[in-house]
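The values are calculated or read from the model by the stated rules, or taken from the named source; none is laboratory data. Bear in mind that the values here come from a model prediction, so they are computed numbers and not experimental data. Please note: Cβ atoms are built from the backbone with ideal geometry, for glycine as well, and neighbour counts cover all protein chains shown. Side chains are part of the model used for accessible areas, which takes the heavy atoms of the whole protein and leaves out ligands, DNA and RNA. Shrake-Rupley method; radii C 1.70, N 1.55, O 1.52, S 1.80 Å.
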Amino acid sequence: MKIAALQLSTQALSNARLDYYLRICEQKNVRLVALGEYVLNNFFTELKTMPIDLIKEQSKVKLQALKEYSAKYNLCIVAPIVLIEKNEPIKTCIVANNGKIKYINQQVFMPYSHWNEEEYFKNKKDKIKLQTFKCDNFKIGVLFGFEIHFDEFFKKANELDLLIIPTANTYNSNARWCELIKMRAFLNNINILRINRIGVSEVNELEWNFYGNSFLCNAYGDIIQELSNAEEVLISDIVKPNDAAKFWKFKEVRNEINKRLL
């Protein structure tokens, strides 16, 4: 299956740029397209100062557009978005396919004083699980960037063909993110697509630079394609990771370990 990562900054209310890139994906026979965090909406710290009605309108326009584009261009589009429910912000990820929408809500949030999504977003605290969907016989999971740190999401990750991780990574963290994702891909023998946003946001009079470097990591833990820090598109073919799983046999050994745990 051919997949794409659109490495973008926050998009204007106009959908012209999204339409431009999605048309390119259709021309390249891409089937699945993913976006990073805070591309359809402003960055988190900016959302905190925006009127709720403005966020609601911003998301409504993008949601309707991606729904239509998914049908028009025969694309499965995976994109984080902030919805307003009962005047409260909910952070979720849409999966738009053939004009239909599935929602995958974020389950764990950053609780830090400089980046406190836990306090701002009002998502329900349901039971933790790795949420998945199907696209052309590929089983695909979605985790938001912060969630990949926690083993609890990876108990059944080795059943996936592809894990999509939209991020908004900043500071000088790229080397750490590369190692973390390579480890997750290798130990679970799955493909992982990390889509990081670009752009600059001012936070407490400091500039936060979102550096891009989106990449595709294969089931052997190797980064096989990576973007720079500019507005770019990654397009690549992926295959089911059966060969890696058969070679390393991590799933079988893990099942045996679980039987022997006290």
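Considering 224, 190, the condition of being of a type in the set (Val, Ile, Thr), under 20 Å from residue 5 (Cα atoms), touching a strand residue (DSSP E or B) at 6+ places or on another chain (Cβ under 8 Å) and open to solvent by less than 60 Å² (accessible area, probe 1.4 Å) is satisfied by 190 alone. Taking the criterion of being closer than 16 Å to residue 249 by Cα and either assigned to a loop (DSSP other than H, G, I, E, B) or open to solvent by less than 10 Å² (accessible area, probe 1.4 Å) (or both), the residues of the range 152-176 that qualify are 155, 156, 157, 160, 161.
Take the range 212-221 and flag every residue that is in contact with a helix residue (DSSP H, G or I) (Cβ under 6 Å, 6 or more places away or on another chain) and either outside any loop (DSSP other than H, G, I, E, B) or open to solvent by 70 Å² or more (accessible area, probe 1.4 Å) (or both).
Step one: filter the range 212-221 for residues in contact with a helix residue (DSSP H, G or I) (Cβ under 6 Å, 6 or more places away or on another chain), giving 213, 217, 219-221.
Correct list: 217, 220.
Suppose the filter is in contact with a strand residue (DSSP E or B) (Cβ under 6 Å, 6 or more places away or on another chain), open to solvent by 80 Å² or more (accessible area, probe 1.4 Å), outside any loop (DSSP other than H, G, I, E, B) and over 14 Å from residue 37 (Cβ atoms); does residue 179 pass it? Don't jump to the end; show me each part of the working.
Numbers: in contact with a strand residue (DSSP E or B) (Cβ under 6 Å, 6 or more places away or on another chain): no; open to solvent by 80 Å² or more (accessible area, probe 1.4 Å): yes; outside any loop (DSSP other than H, G, I, E, B): yes; over 14 Å from residue 37 (Cβ atoms): yes.
It is false that residue 179 is in contact with a strand residue (DSSP E or B) (Cβ under 6 Å, 6 or more places away or on another chain), open to solvent by 80 Å² or more (accessible area, probe 1.4 Å), outside any loop (DSSP other than H, G, I, E, B) and over 14 Å from residue 37 (Cβ atoms).
Looking only at the range 227-262, count how many residues are in a strand (DSSP E or B), aliphatic (A, V, I, L, M) and either in contact with a Pro (Cβ under 7 Å, 6 or more places away or on another chain) or open to solvent by 80 Å² or more (accessible area, probe 1.4 Å) (or both).
Filtering the range 227-262 for residues in a strand (DSSP E or B) gives 232-237.
Next cut, aliphatic (A, V, I, L, M) only: 233-235.
Within this subset, residues satisfying the condition of being either in contact with a Pro (Cβ under 7 Å, 6 or more places away or on another chain) or open to solvent by 80 Å² or more (accessible area, probe 1.4 Å) (or both) are none.
So the count comes out to 0.
The condition of being aromatic (Phe, Trp, Tyr) and part of a loop (DSSP other than H, G, I, E, B) does not hold for residue 133. Among the numbered conditions (1) in contact with a helix residue (DSSP H, G or I) (Cβ under 8 Å, 6 or more places away or on another chain); (2) under 21 Å from residue 169 (Cα atoms); (3) surrounded by fewer than 17 Cβ atoms within 10 Å (Cβ to Cβ); (4) among the aliphatic types (A, V, I, L, M), the only one that residue 13 does not meet is (2).
Here's the yes/no breakdown for (1) more than 20 Å from residue 166 (Cβ to Cβ); (2) open to solvent by 60 Å² or more (accessible area, probe 1.4 Å):
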position: 56; (1), (2): yes, yes
position: 59; (1), (2): no, no
position: 71; (1), (2): yes, no
position: 79; (1), (2): no, no
position: 84; (1), (2): no, no
position: 89; (1), (2): no, no
position: 92; (1), (2): no, no
position: 96; (1), (2): no, no
position: 99; (1), (2): yes, no
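The C-beta contact set for the range 109-129 (first residue part of a loop (DSSP other than H, G, I, E, B), second residue surrounded by fewer than 13 Cβ atoms within 10 Å (Cβ to Cβ), distance under 6 angstrom, 6+ apart or interchain) comprises 122/88; 128/152. The set of residues from the range 26-48 being outside any loop (DSSP other than H, G, I, E, B), open to solvent by less than 10 Å² (accessible area, probe 1.4 Å) and not small (Gly, Ala, Ser) comprises 32, 33, 35, 44, 47.
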